[in-house]
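One structure below.
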Amino acid sequence: MPEAVISALSGFQQELKKGGADVRWTRPQGIHLTLKFLGNIADENTAGIIEATEGTCRKYPCFDLQIKGAGVFPNMKAPRVLWVGVSENTILEGLRKEVEDRMASLGFEKEDRKFSPHLTLGRFRSSYGKGPLLEEIELNKDREFGFINVRTISFMKSELSPAGAKYTRIAEIAMGK
């Protein structure tokens, strides 16, 4: 993720934190776009996953994503996840669909939910202070945060802890031939 986008997202988080809502904030360096969450996997399965992903990524050129808008999942009445949006992109959608299909062929369950590309900024722990925060989200629903030029896809391992998720890159896979 470009430093300018990380900086813009970090600044936005700082603005939102001023309201004091009970949110567990994502560390700026940990903000990412998930194409496919695989869950717990055995070490011996990683080579096949990487190989399948490499085959998919070779078919798609590098592309740009616009980071724009803010919102919550599942809705404003019962928010759980605070996010910024990722522009719709036919290359991203094709890549995501093919990754999903390739992982299904390796035995991973297909996702039931519609793909909604986003970057998670935080997760609500309770409803404390959510009103003012949701007002800020509404005011920033069309805010622009920059562009990401996608040249690689990373295969990541995440380890959860009380201090937040720790991410380790297992492989970095180039787009295109």
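A quick yes/no check of all residues on (1) of a type in the set (Phe, Trp, Tyr); (2) part of a strand (DSSP E or B); (3) in contact with a helix residue (DSSP H, G or I) (Cβ under 8 Å, 6 or more places away or on another chain):
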residue: 65; (1), (2), (3): no, yes, yes
residue: 71; (1), (2), (3): no, yes, yes
residue: 76; (1), (2), (3): no, no, yes
residue: 82; (1), (2), (3): no, yes, yes
residue: 88; (1), (2), (3): no, no, no
residue: 92; (1), (2), (3): no, no, no
residue: 95; (1), (2), (3): no, no, yes
residue: 101; (1), (2), (3): no, no, no
residue: 109; (1), (2), (3): no, no, no
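Report, by residue number, each residue of the range 120-163 that is under 30 Å from residue 46 (Cβ atoms), among the hydroxyl-bearing types (Ser, Thr, Tyr) and assigned to a loop (DSSP other than H, G, I, E, B). Across the range 120-163, the qualifying residue is only 161. With the structure loaded, tell me whether residue 47 is free of Cβ contacts under 8 Å to residues at least 24 places away in the same chain and either small (Gly, Ala, Ser) or surrounded by 13 or more Cβ atoms within 10 Å (Cβ to Cβ) (or both) or whether it fails that test. Against the criterion (free of Cβ contacts under 8 Å to residues at least 24 places away in the same chain and either small (Gly, Ala, Ser) or surrounded by 13 or more Cβ atoms within 10 Å (Cβ to Cβ) (or both)), residue 47 qualifies. For the range 1-41, a residue qualifies if it is in contact with a Lys or Arg (Cβ under 8 Å, 6 or more places away or on another chain), surrounded by fewer than 16 Cβ atoms within 10 Å (Cβ to Cβ) and assigned to a loop (DSSP other than H, G, I, E, B), and exactly one does: 22. Being without any contact (Cβ under 8 Å) to a residue 60 or more places away in the chain and either in contact with a Cys (Cβ under 9 Å, 6 or more places away or on another chain) or within 26 Å of residue 160 (Cα to Cα) (or both) is a property that holds for residue 34.
Since every read-out is calculated from the coordinates, none of them should be taken as a lab result. A quick note: this is a predicted structure, and the numbers were derived from the prediction, not measured. A quick note on method: Cβ atoms are made from the backbone with ideal geometry, for glycine too, and the neighbour counts reach across all protein chains shown.
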